[in-house]
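In what follows, a structure is listed as structure tokens, so that the remarks can point back to it.
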Amino acid sequence: MPDAKPAPAQALSAPQKALLKLGLTRDIDLALHLPLRYEDETRLVRLSDARDGQTVQVEGTVTHQEITLRPRRQLLVTLDDGSDTCTLRFFSFYPSHQKALAVGARVRVRGEVRGGFMGRTMMHPAFHAAGGELPDALTPVYPTSAQLPQAYLRKVVASGLARADLSETIPPELLGSLQRVVHGTWTLRDALRYLHHPGPDVSLDALEDRSHPAWQRLKAEELLAQQLSQLTAKRERDALRAPVLRTAPGGLHEQLLAVLPFALTGAQRRVGEEIARDLARPVPMHRLLQGDVGSGKTVVAALAAAIAIDS
């Protein structure tokens, strides 16, 4: 009897493919996928209290809807919250917009209020049916792609955050010193959970410019990880072997020095001697030669090459 063909792998959905493309494959990846910015959906603002240019969330009743063709095709919706009215303007819209924003519908809308000759306007605001409790935390807005809606991403990030292993990586005897530096007793778990779901009274500026103590705690974590990875790489390099390269009396190194049309500066001599000592060790050299244009990097490199050629 012929072997049965293996069942085809289940096709990934577009959001799942987008998650894979962003590298969000593990719970810890999702926990470390931090918001770019936040939206405040924890409160409602009366239209009459909204300032020009302010992004607010209002709740009201649709009193008018029409599609106009000039200057271009657009959907215009009038919203009345009892204190004032506002025109919601959509240049890109679908039948679902018209249905959700039908006359008489009570909706909750969030967008930037702009004043003008024709009254208050919101361009392409976010909206949904009114009702339900307001969130008790700011709404995160994550880095994403066109195939990965924010609502879907928020759900999977919250799920990954709940499952991720966020145990401390810093020894207890050092954690106290770190917490004094970052102004508070922030654990890694506390910092990540807060940055995904910050309270409504926090300064948005402190969150978005990453000066908040929760961000400082993560910066300390990243710096520690970087230093540990560099130390590990250094130890791995130190375990490697390399041929010993030494200057030879009367060799190319001395010959090159003798024919140079200028004398080496003190810094050039010092760096050249440091490189020569490195080349004479039985381990690979790991060195960065840094200097301004015209500072003599090329001649230093040529002297090092002469040592290697001689050996």
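The values are calculated or read from the model by the stated rules, or taken from the named source; none is laboratory data. The model shown is predicted, which means the values in this text are computed figures rather than measured ones. So basically every Cβ, Gly included, is an ideal-geometry build from the backbone, and we count neighbours across all protein chains shown.
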Note to self: Testing GLY131 on (1) at positive phi; (2) modelled with pLDDT of 95 or more, one condition comes back false. Which one is that?
What the structure shows: (2)
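Quick check on segment 268-285. Is at least one of its residues in contact with a strand residue (DSSP E or B) (Cβ under 9 Å, 6 or more places away or on another chain), surrounded by 11 or more Cβ atoms within 10 Å (Cβ to Cβ) and not aromatic (Phe, Trp, Tyr)? Outline the logic, then answer.
So in segment 268-285, the residues in contact with a strand residue (DSSP E or B) (Cβ under 9 Å, 6 or more places away or on another chain) come out as none.
Within segment 268-285, none of the residues are in contact with a strand residue (DSSP E or B) (Cβ under 9 Å, 6 or more places away or on another chain), surrounded by 11 or more Cβ atoms within 10 Å (Cβ to Cβ) and not aromatic (Phe, Trp, Tyr).
Applying the selection to segment 81-96, what residues are closer than 18 Å to GLN57 by Cα and surrounded by 15 or more Cβ atoms within 10 Å (Cβ to Cβ)?
Our first condition is that a residue be closer than 18 Å to GLN57 by Cα; within segment 81-96, this holds for 81-90.
Hits for segment 81-96 are ASP81, ASP84, THR85, CYS86, THR87, LEU88, ARG89, PHE90.
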Margin query: Based on this model, can you work out whether PRO243 counts as in contact (Cβ under 8 Å) with a residue 60 or more places away in the chain and surrounded by fewer than 11 Cβ atoms within 10 Å (Cβ to Cβ)?
Written below: yes
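Could you look through segment 273-311, keep only residues that are among the small types (Gly, Ala, Ser) and assigned to a loop (DSSP other than H, G, I, E, B), and pick out the one that is nearest to GLU236 (Cα to Cα)?
First, pick out the residues of segment 273-311 that are among the small types (Gly, Ala, Ser): 276, 280, 291, 294-296, 301-302, 304-306, 308, 311.
In the following step, the residues that additionally are assigned to a loop (DSSP other than H, G, I, E, B) were identified as 280, 291, 294-296, 311.
Details: ALA280: 19, GLY291: 28, GLY294: 35, SER295: 32, GLY296: 31, SER311: 25 Å.
Across segment 273-311, the extreme among qualifying residues is ALA280.
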Item checked: Residue selected from segment 113-130 under the condition in a loop (DSSP other than H, G, I, E, B) and farther than 15 Å from VAL45 by Cα, by the criterion nearest to the chain's Cα centre (by Cα) -> HIS124
Item checked: Residue among ARG110, ARG89 that alone is in a strand (DSSP E or B) and under 22 Å from TYR142 (Cβ atoms) -> ARG110
Next item on the list: Give segment 246-272 a look and list any residue that's over 16 Å from ALA306 (Cβ atoms) and either not hydroxyl-bearing (Ser, Thr, Tyr) or not in a loop (DSSP other than H, G, I, E, B) (or both), or say none.
Entry: PRO261, PHE262, ALA263, GLY266, ALA267, ARG270
Checklist line | Near pairs, Cβ below 6 angstrom, 6+ apart or cross-chain, from segment 15-27 (in contact (Cβ under 8 Å) with a residue 24 or more places away in the chain) to any residue that is exposed (fewer than 14 other Cβ atoms within 10 Å of the Cβ) | finding: ASP27/ARG163
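So in segment 92-107, with the set limited to residues that are among the aliphatic types (A, V, I, L, M) and assigned to a loop (DSSP other than H, G, I, E, B), which one is nearest to HIS64 (Cα to Cα)?
Going through segment 92-107, the residues among the aliphatic types (A, V, I, L, M) turn out to be 100-103, 105, 107.
So of that shortlist, the ones also assigned to a loop (DSSP other than H, G, I, E, B) come out as 101-103, 105.
On the way: LEU101: 9, ALA102: 8, VAL103: 6, ALA105: 10 Å.
Only one residue fits best here, namely VAL103.
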Notebook entry, point to check: Do you know which of the residues in segment 14-56 that are within 26 Å of the chain's Cα centre (by Cα) and assigned by TED's automatic domain parsing to the domain that holds ARG110 is surrounded by the most Cβ atoms within 10 Å (Cβ to Cβ)?
Noted result: VAL56
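For LEU192, state whether it is surrounded by fewer than 11 Cβ atoms within 10 Å (Cβ to Cβ) and under 21 Å from ASP29 (Cα atoms). So that I can check it myself, show each step before the final result.
Numbers: surrounded by fewer than 11 Cβ atoms within 10 Å (Cβ to Cβ): no; under 21 Å from ASP29 (Cα atoms): yes.
Criteria not met by LEU192.
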Checklist line | Residue list for segment 39-54, filter: more than 28 Å from ARG154 (Cβ to Cβ) and assigned to a loop (DSSP other than H, G, I, E, B) | finding: ARG51, ASP52
Margin query: As an exercise: evaluate VAL157 against (1) touching a Phe, Trp or Tyr at 6+ places or on another chain (Cβ under 7 Å); (2) under 29 Å from ARG51 (Cβ atoms); (3) touching a residue at least 24 places away in the same chain (Cβ under 8 Å) and give the number of the one condition it does not meet.
Written below: (2)
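Can you name every residue in segment 111-128 that is surrounded by 15 or more Cβ atoms within 10 Å (Cβ to Cβ) and either without any contact (Cβ under 8 Å) to a residue 12 or more places away in the chain or among the hydroxyl-bearing types (Ser, Thr, Tyr) (or both)?
So in segment 111-128, the residues surrounded by 15 or more Cβ atoms within 10 Å (Cβ to Cβ) come out as 111-114, 120-122, 125, 127.
Scanning segment 111-128 gives a single hit, THR121.
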Item checked: Enumeration of residues in segment 100-110 that are among the β-branched types (Val, Ile, Thr) and surrounded by 13 or more Cβ atoms within 10 Å (Cβ to Cβ) -> VAL107, VAL109
